[in-house]
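**Student:** Below is one structure. I have some questions about it.
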Amino acid sequence: MDLREEQVGGVTVVQIKGRLDSTTSPTLGERLSAMLGAAKARIVVDFSQLEYISSAGFRVLLQAAKRADQNAAKLVLCGVSGKVRQLFELGGFLDLFAISASRDEAITSAG
Amino acid sequence: MRKPPNIVYGVEDRPPPGVTAFSGIQHVGLMSINLVYPVLIAREAGSSPETVVQIVSLIMIVLALGAILQAFPRGPIGSGFLCQPVPTAAYLLPSLLAAREGGLALVFGMTIAAGLMEIALARGLRFLRPWFPPEIAGLVIVLIGMTTAAVGLRTLLEPGTAAPLGPTHALVAFVTLGTMIALNVWSKGVLRLFCVLVGMIAGYLATAILGGFTGVDAMTLGAEPFLAIPSLRHPGWSFSPELVLPFAVAAVAATLKTAGNVTTCQKLNDADWKRADMRSISGGVVADGLATVTAGVVGASGVNSATMNVGLASATGVLSRRVAYSVAGTLVVLAFFPKLGIALYLMPPSVAGAALLFAASFIIVNGFEIMTSRLLDARKTFVIGLSFIAALAIDFYPHAFRNFPEWAQPFVGSSLVLGILSALLLNMLFRFGVRTTRSLVVEPGSIDAVAIEGFIEAQGAAWGARRDVIDRASFNLAQSIEAIVEGCHPEGALTIEASFDEFNLDVRVSYVGPPLELPEKRPTNEEIMESDEGQRRLAGFMLRRYADRVSSTHRGGRSTILFHFDH
């Protein structure tokens, strides 16, 4: 898995490429946790290049969403489509996260 | 069945009466292009003009019956779709042979035999499914589209002495095709629904304005009575054992074409289409065979479901089976009004050619979509690629096949027949060596998730499995191994076994260790976040939901999970 970060205005966009499983999700978890530790952080996670997400990946996302709530931060997901979207639906996660249709929309929504 | 967004009226919908009526007329307009086939056959047998008109009238009644039979939604007869028959090129060559050797009596007798062969083939289609996978159905549709396009091009580029190639001919073709395309692409509502009918009327008007109709056309039209009851008088029936083979090949081609057309109708009507419904296909072939038997009995030539009309329905988005009844009504009216039938028969080649090219575009694209719905490995690539080349060879180098022995001529006389036979034979050949069960051993200490997914992907391609099923199996395999290794701490290697037939994909994962829990209820978000156990239960819940069926066994310390996917 590759993580790439980019600042767009006051929003940090995290692009995930590859697989999010029990081996790679701790890395994402640590990174999101560090970013969401700051008060009123604005984070967009872009899944458009994600190939696979397992239960370990969903656990990390749930934990990140909880931390965002606690710190009045904003966490918005985008690029959730195709196979990955099916898995979000399968696990009952579509309604649990703020999901935007596009990256630009997600940045606007987070900002 | 979920209606796709581009479809205006699905098979079960009831369009307004005006839309139903005009859609029927539009379909008949396109169908009438194929009236040339029975005319050619009758002329080959040396029939009088009266007999030719009689055959055209009778075949319209047969086509009306065929459209109604095909639309039956239940029971052993009918596909349930708007998938009406037309006089077909598939029976043209054998019928011309029969006409030369034994006159119309032999044509009618052999047509009955061919229809019965189609009905017999329909009964066995379910068992033949592994030999007739979707990529071959798609290829058949593409080849039919190419044949339709070839006839359209020939009609446009070699129109004959009655309408020589020239500026008038080219302008009428341009007006006809341009009107159809413009209305289909840039218009909405009624104009899009009737783009072919409006295009054909524009073509007729352009021909009349530019002086494209001849005095002979006017005389032919004038010679026919306004109202006449179709006569059932005909010279009887005869049978020739020598003609069984060419008619059998034509019956196989007609069966495959109907199967392809019905598959396309299923796909057009269902946004979530996954696999061919064999009951509907079998019923469709029975209806097609019955229509051909009826044609032989009453004194007409063989018919077959019309791919170009499926293309028309796809282009306009009107797929309601009620249109089939409108088609039938229009045909019956035409059968009793010979002037109208002859007016359609006299369609200028530039109008007919343009309409054929319009329909062929949709047919070819539908065929490609069906072909690529499966994963294609090297075997499938050769089945499709070589068969496509074989079909093209006949069109590019027809002289090379003329020296083949007499018995082989039915097989090499048409690009459609050779392409289909080639695909069936190559598919049979390449099934050898494709193992239906494959296994992989994985060491818990060296899990390579990409290699595991690669294993199921490669097998899926070799089996020609559907992409969506392989995607689901691939996730279940990767997620189950991840959860087992993390939570069940297996002793020794895990064994993965995948087995496949046309209807089922089963993936088994077995290991020595406690079974993985596959709960029916999703763990709460707190359970997932706060413990590894919650995360594993989420994995088990997702695994259970993604497969069509799961089972878990634990015997003698060894656990086995079976994921079953319907195919």
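**Student:** Return the residues of segment A:23-56 that are of a type outside the set (S, T, N, Q), within 10 Å of another protein chain (Cβ to nearest Cβ), buried (at least 23 other Cβ atoms within 10 Å of the Cβ) and within 18 Å of A:LEU94 (Cβ to Cβ); say none if nothing qualifies. Quick ask: steps written out before the conclusion?
**Tutor:** Here is the first cut: in segment A:23-56, the residues of a type outside the set (S, T, N, Q) are A:26, A:28-32, A:34-47, A:50-53, A:56.
From what is left, the residues that are within 10 Å of another protein chain (Cβ to nearest Cβ) are A:51-53, A:56.
If we keep only those that are buried (at least 23 other Cβ atoms within 10 Å of the Cβ) too, we end up with A:53, A:56.
Within segment A:23-56, A:ILE53 is the sole residue that qualifies.
**Student:** Continuing with the same structure: Please specify each residue of segment B:307-329 satisfying the condition of being at pLDDT 95 or above, assigned to a helix (DSSP H, G or I) and either more than 25 Å from B:ASP288 (Cβ to Cβ) or touching a helix residue (DSSP H, G or I) at 6+ places or on another chain (Cβ under 6 Å) (or both).
**Tutor:** Of everything in segment B:307-329, those that are at pLDDT 95 or above, assigned to a helix (DSSP H, G or I) and either more than 25 Å from B:ASP288 (Cβ to Cβ) or touching a helix residue (DSSP H, G or I) at 6+ places or on another chain (Cβ under 6 Å) (or both) turn out to be B:ARG322, B:VAL323, B:ALA324, B:SER326, B:VAL327, B:ALA328.
**Student:** Quick check: is even one residue across segment B:44-56 out of contact with any His (no Cβ under 9 Å at 6 or more places or on another chain), at pLDDT 85 or above and in a helix (DSSP H, G or I)?
**Tutor:** Checked segment B:44-56: at least one residue is out of contact with any His (no Cβ under 9 Å at 6 or more places or on another chain), at pLDDT 85 or above and in a helix (DSSP H, G or I).
**Student:** Now a separate question. Just one of the numbered conditions (1) out of contact with any Ser or Thr (no Cβ under 8 Å at 6 or more places or on another chain); (2) within 19 Å of B:MET146 (Cβ to Cβ) is not true of B:ILE394; which one?
**Tutor:** Looking at each condition in turn, B:ILE394 falls short on (1).
**Student:** Right, next: Suppose we filter segment B:325-351 for residues that are of a type outside the set (Ser, Thr, Tyr) and within 22 Å of the chain's Cα centre (by Cα); how many remain? Steps first, please.
**Tutor:** Just the residues of segment B:325-351 that are of a type outside the set (Ser, Thr, Tyr), to begin with: B:327-329, B:331-344, B:346-349, B:351.
Those left that are additionally within 22 Å of the chain's Cα centre (by Cα): B:327-328.
Count: 2.
**Student:** Residue by residue through segment B:85-101, note down the ones that are modelled with pLDDT of 85 or more and surrounded by fewer than 20 Cβ atoms within 10 Å (Cβ to Cβ).
**Tutor:** If the condition is that a residue be modelled with pLDDT of 85 or more and surrounded by fewer than 20 Cβ atoms within 10 Å (Cβ to Cβ), then B:LEU96, B:ARG100, B:GLU101 are the ones that fit.
**Student:** Let me ask something else about it. Please give the helices (runs of 4 or more DSSP H) falling wholly within segment B:346-420 in which 3 or more residues are more than 19 Å from B:ALA254 (Cβ to Cβ). Talk me through it step by step, then tell me what you get.
**Tutor:** Details: elements: B:349-371, B:378-396, B:409-412.
In segment B:346-420, the matching helices (runs of 4 or more DSSP H) lie at B:349-371, B:378-396.
**Student:** Then there's this: For residues in segment B:425-448 being buried (at least 20 other Cβ atoms within 10 Å of the Cβ) and in a helix (DSSP H, G or I), which is nearest to the other protein chains (Cβ to nearest Cβ)?
**Tutor:** B:ASN427
**Student:** Among strands (runs of 3 or more DSSP E) lying entirely in segment B:456-567, which contain 3 or more residues that are polar (S, T, N, Q)?
**Tutor:** Ranges flagged: B:549-555.
**Student:** Right, another one. Select from segment B:524-543 the residues that are within 18 Å of B:ILE484 (Cβ to Cβ) and surrounded by fewer than 20 Cβ atoms within 10 Å (Cβ to Cβ) and write down the one among them that is farthest from the other protein chains (Cβ to nearest Cβ).
**Tutor:** Step by step, filter segment B:524-543, then rank; the result is B:GLU533.
**Student:** Among the candidates B:ILE59, B:ILE112, single out the residue that is in contact with a helix residue (DSSP H, G or I) (Cβ under 9 Å, 6 or more places away or on another chain) and crowded, with 24+ Cβ neighbours inside 10 Å.
**Tutor:** B:ILE59
**Student:** Across segment A:70-97, which residue is surrounded by the fewest Cβ atoms within 10 Å (Cβ to Cβ) among those that are under 14 Å from A:ALA41 (Cβ atoms) and away from chain B (no Cβ under 14 Å)?
**Tutor:** Filtering segment A:70-97 down to residues under 14 Å from A:ALA41 (Cβ atoms) leaves A:70-76.
If we keep only those that are away from chain B (no Cβ under 14 Å) as well, we get A:71-76.
On the way: A:ASN71: 14, A:ALA72: 9, A:ALA73: 20, A:LYS74: 18, A:LEU75: 23, A:VAL76: 24.
Taking the candidates together, the pick is A:ALA72.
**Student:** Restricting attention to segment B:463-500, report how many residues are away from chain A (no Cβ under 14 Å) and surrounded by fewer than 19 Cβ atoms within 10 Å (Cβ to Cβ).
**Tutor:** 6
**Student:** Output the number of the condition that B:LEU516 fails; it satisfies all remaining conditions of (1) more than 13 Å from chain A (Cβ to nearest Cβ); (2) touching a Cys at 6+ places or on another chain (Cβ under 7 Å).
**Tutor:** (1)
The values are calculated or read from the model by the stated rules, or taken from the named source; none is laboratory data. The structure displayed is predicted, hence computed values, not measured ones. Every residue, glycine as well, gets a Cβ built from its backbone with ideal geometry; the counts of neighbours run over all protein chains shown.
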